[in-house]
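Trainee: Would you mind keeping the following structure in view while I ask a few things?
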Amino acid sequence: MPELHQALSHIRQFTDLNPSVGLILGSGLSMLADLVHDPVSLETSTIPNYPPSTVEGHVGRLVFGSISGVSVVFVQGRLHVYEGHSVSNATFPVRLLSALGVRRLIVTNAAGGIHPDFKPGTLMWITDHINWTNMNPLIGSRKGSVARAGAGAGAAAQNESGNNYYDSEWTNRARAIGNKLGISTSSGTYLWTRGPSYETKAEIQAFKLIGADAVGMSTVPEVVQARACGMKVLGLSTITNLAAGLGDNELNHEEVLDVGRQVRSDLERLILALIAD
Ligand code: HPA
């Protein structure tokens, strides 16, 4: 994988840190990178082969450093398929994190709430997902084909991840940490739609029927890729709005960014404790 090697050797000119935990920051959550101690921050636009990000509220940056003595890398500005990236390009950062040594990945996102108990500001641990796009970063990859053939390391990742993309032990610990901090959290199934348009009311009703608790335009391809790379994954959605037709408002990106800012302190406390755990 020459693209990864080039990116890696560029990064190695600035840091020799081998982060064990990676964190991908969703819409309106990029400020969480302020938690990193002694940060070394790299613009992704300077990293060879790193696909360019285009969304408002998303800076493209990798922030290396430590939290409670644990070496970490935060990804500010995830890449979405709706920006025009192929699913393979959208998951480039995950392969890069894997090449850097990341073994545990926390993925965060902003999502529309479908479950009737979810209000803007609800924090939801992702326990499973529905891939509404049918796109998959493993298509055509060696890991994908090995997994389909039912042999080798790829198969192990595929078999295990088919039942359990989101590490249940880690999620249970995360829930307990939330309780200890007095931060109430929920759990549920995240549905990935490609976007960029928000959903119709009829689509949301259909998603509800098939078991979705929250809907968003990211995360799933990264998680599929991360599992294929052998990482443990923890997923956290911030419900920023009621999904289409479930509230009074028209959906807009500003609302998504605002709620992200409002839950900032709870998220910061959670993330700090999760990484220190
Ligand atoms: N739909 C899709 N993506 C989203 C939403 C939504 O309602 N809110 C935040 N991201």
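The values are calculated or read from the model by the stated rules, or taken from the named source; none is laboratory data. Since the structure is predicted, the reported quantities are computational estimates derived from the model, not experimental observations. Every residue, glycine as well, gets a Cβ built from its backbone with ideal geometry; the counts of neighbours run over all protein chains shown. Note: accessible area is taken over every heavy atom of the protein model, side chains too, but ligands, DNA and RNA are not part of it. Shrake-Rupley method; radii C 1.70, N 1.55, O 1.52, S 1.80 Å.
Trainee: Under the condition of being in contact with a strand residue (DSSP E or B) (Cβ under 7 Å, 6 or more places away or on another chain) and part of a loop (DSSP other than H, G, I, E, B), which residue from segment 76-102 is modelled with the lowest pLDDT?
Mentor: The residue in question is G77.
Trainee: Out of (1) free of Cβ contacts under 8 Å to residues at least 40 places away in the same chain; (2) at negative phi, the odd one out for P120 is which?
Mentor: (1)
Trainee: Would you mind finding the one in G112, G84, G140 that is within 16 Å of the ligand (Cβ to nearest atom) and over 18 Å from K232 (Cβ atoms)?
Mentor: G112
Trainee: Follow-up question, since we're still on this one. Give segment 188-207 a look and list any residue that's closer than 26 Å to V87 by Cβ, more than 13 Å from the ligand (Cβ to nearest atom) and not hydrophobic (A, V, I, L, M, F, W, C), or say none.
Mentor: G188, T189
Trainee: Out of everything in segment 1-57 that is among the acidic types (D, E) and closer than 30 Å to S197 by Cβ, what residue ends up being most open to solvent (accessible area, probe 1.4 Å)?
Mentor: Looking at residues that are among the acidic types (D, E) and closer than 30 Å to S197 by Cβ, I get E56.
Trainee: Okay, moving on. For G247, are the conditions met, namely being open to solvent by 30 Å² or more (accessible area, probe 1.4 Å) and near the ligand (Cβ under 10 Å from one of its atoms)?
Mentor: yes
Trainee: Sticking with this structure for a sec: Given the structure, is E203 more than 27 Å from R103 (Cβ to Cβ), open to solvent by 50 Å² or more (accessible area, probe 1.4 Å) and assigned to a helix (DSSP H, G or I)?
Mentor: Spelling it out, E203 is indeed more than 27 Å from R103 (Cβ to Cβ), open to solvent by 50 Å² or more (accessible area, probe 1.4 Å) and assigned to a helix (DSSP H, G or I).
Trainee: Something else: I'd like the residue in segment 175-200 that is β-branched (V, I, T) and part of a loop (DSSP other than H, G, I, E, B) and, out of all such residues, is farthest from the chain's Cα centre (by Cα).
Mentor: T200
Trainee: Do any residues in segment 250-271 that are closer than 18 Å to I24 by Cα and at pLDDT 75 or above have Cβ atoms under 6 Å from those of residues that are open to solvent by 40 Å² or more (accessible area, probe 1.4 Å) and basic (K, R), where the two are at least six apart or on different chains, and which pairs are they?
Mentor: Listed by first residue and then by second, the contacts come to nothing, as the list is empty.
Trainee: Kindly provide the set of residues from segment 105-120 that are open to solvent by less than 30 Å² (accessible area, probe 1.4 Å) and either under 21 Å from G211 (Cβ atoms) or over 17 Å from the mean Cα position of the chain (by Cα) (or both), ordered by number.
Mentor: Of everything in segment 105-120, those that are open to solvent by less than 30 Å² (accessible area, probe 1.4 Å) and either under 21 Å from G211 (Cβ atoms) or over 17 Å from the mean Cα position of the chain (by Cα) (or both) turn out to be V107, N109, A110, A111, G112, G113, I114, F118.
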